[in-house]
Amino acid sequence: MDILLMKPVFKDAIWGGTKLRTDFGYDVAGDTIGECWAISAHKQGDCEIATGEFAGKKLSWLWENRKDLFNNREEKVFPLLTKIIDAKQDLSIQVHPNDEYANAHENGSLGKTECWYVLDCEEGTEIVIGHNAKTKEELVSMIDNQEWDKLIRRVPVHKGDFFQIEPGTVHAIKGGTVILETQQSSDITYRVYDYDRLSNGKKRELHIDKSKDVIKVPYEGKKEDSYKKDSDNQWLDIMVECDFYTVWHGFVNGNAELVQNRDFMLVSVVDGDGTIDGVSISKGSHFILPCGYKKAKLEGNMELVCSALPVR
Ligand code: ZN
């Protein structure tokens, strides 16, 4: 059985930079490359399989036609999306709906729970996570009066930090930050504030009413300060386990065995290089270990982020 090695899809953005080319080595042109959709079957960016038996097939095609590879999961669409985001400039301040709200207001789309593993950031960088309003009335009045400095909660960010972003959480990464994002396969984003920037001479659309609907008040954040070890893979920390995914992080120093104990597993190499069962992989490689791929032998010096759907 082969690993399913992905061919990422790239997205330009006004806030994007060049690190996806210069730091990750992807063959992509432009000076405002914002996102690498690394493992995705979303219709806005459906990755092809790069090598092997399924080379050239789209991940969405595999999800529909080779259910055996995913242990016959019943979700209509491939439910996860892995991205790398290079923010050269600040991203707009935004919020996502949950499944229920998105289903009702966005043509049956999935909501969006996401999480960030910080791959790199400049000294002194902050991120936006949460807000300071105590009641819905206060939130609405701060938004209406554009009191952004009062409303927006900022915290310092460092390489190696991890953040879980629940629906209803106001959030944004700021310029100088590179993250790996694991998320539900959705692109429903409500923009609350865009720093009054112009894109092609115009301000980008805001979604103030929907934002007011979905922002949770008050903000209740929690930050893990230690992580559990995975029982089968002691070299992996479990960064988060929620209703939509489990995300792990770990380092391979020399060699390690990866026990694929889920329906299928998504793996991203975020630093270093090495091999998996003899296949070369390096920083920027992303692949799926399909159902039945029970154990993988890893060699080299690598940092990995892995994810999977929750156990049914
Ligand atoms: Zn988001």
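The values are calculated or read from the model by the stated rules, or taken from the named source; none is laboratory data. No experiment lies behind these values; they were computed from the predicted model shown. Heads up, the Cβs are rebuilt from the backbone with ideal geometry, glycines too, and the neighbour counts pull from every protein chain shown.
Observations on the structure shown:
- Of all the residues in the stretch 39-53, those that are part of a helix (DSSP H, G or I) and either crowded, with 19+ Cβ neighbours inside 10 Å or at positive phi (or both) number 1.
- Applying the criterion of being crowded, with 22+ Cβ neighbours inside 10 Å and away from the ligand (no atom under 11 Å from the Cβ) to the residues of the stretch 160-180, the residue that is nearest to the chain's Cα centre (by Cα) is L180.
- Selection within the stretch 181-205: residues that are within 27 Å of F244 (Cα to Cα) and among the aliphatic types (A, V, I, L, M). The member of this set that is surrounded by the most Cβ atoms within 10 Å (Cβ to Cβ) is V192.
- Count - residues of the stretch 55-70 that are in contact with an Asp or Glu (Cβ under 8 Å, 6 or more places away or on another chain) and within 21 Å of K294 (Cβ to Cβ): 1
- Residue in the stretch 181-194 that is within 11 Å of the ligand (Cβ to nearest atom) and over 26 Å from E100 (Cα atoms) present: no
- Tally of residues being closer than 26 Å to G52 by Cβ, crowded, with 19+ Cβ neighbours inside 10 Å and among the hydrophobic types (A, V, I, L, M, F, W, C) across the stretch 235-259: 6
- Selection of the stretch 139-161 for residues being among the aliphatic types (A, V, I, L, M) and out of contact with any Ser or Thr (no Cβ under 7 Å at 6 or more places or on another chain) yields L139, V140, M142, I143, L151, I152, V155.
- In summary, Y219 fulfils each of the numbered conditions (1) under 30 Å from N65 (Cβ atoms); (2) among the hydroxyl-bearing types (S, T, Y); (3) in contact with a His (Cβ under 8 Å, 6 or more places away or on another chain) with the single exception of condition (1).
- Checked against (1) at pLDDT 95 or above; (2) away from the ligand (no atom under 16 Å from the Cβ), K83 meets all criteria but (2).
- Failed condition for L258, given (1) without any contact (Cβ under 8 Å) to a residue 40 or more places away in the chain; (2) more than 30 Å from A13 (Cβ to Cβ); (3) out of contact with any Asp or Glu (no Cβ under 8 Å at 6 or more places or on another chain): (1)
- Some residue of the stretch 260-267 being modelled with pLDDT of 95 or more, touching a Lys or Arg at 6+ places or on another chain (Cβ under 7 Å) and surrounded by fewer than 19 Cβ atoms within 10 Å (Cβ to Cβ): yes
- Segments classed as strands (runs of 3 or more DSSP E), wholly inside the stretch 74-159, with at least 2 members that are surrounded by 19 or more Cβ atoms within 10 Å (Cβ to Cβ): 80-87, 93-95, 114-121, 126-131
- Residue in the stretch 110-124 that is more than 15 Å from the ligand (Cβ to nearest atom) and under 18 Å from E166 (Cβ atoms) present: no
- Boolean, E114 is modelled with pLDDT under 95, assigned by TED's automatic domain parsing to the domain that holds C36 and within 26 Å of D196 (Cα to Cα): no
- Residue, surrounded by the most Cβ atoms within 10 Å (Cβ to Cβ), within the stretch 1-18, restricted to residues that are within 28 Å of A296 (Cβ to Cβ) and at pLDDT 95 or above: L4
- Restricting the first member to the stretch 267-281 and to residues that are outside the structural domain of K295 (by TED's automatic domain parsing), and the second to residues that are of a type in the set (S, T, Y) and part of a strand (DSSP E or B), no beta-carbon pair is closer than 8 Å while six or more apart or on different chains.
- The stretch 186-244, subset under 28 Å from K150 (Cβ atoms) and part of a strand (DSSP E or B), residue modelled with the lowest pLDDT: S199
- Qualifying residue in the stretch 196-213 (condition: of a type in the set (D, E, K, R), more than 13 Å from the ligand (Cβ to nearest atom), under 22 Å from the mean Cα position of the chain (by Cα) and under 29 Å from Q44 (Cβ atoms)): no
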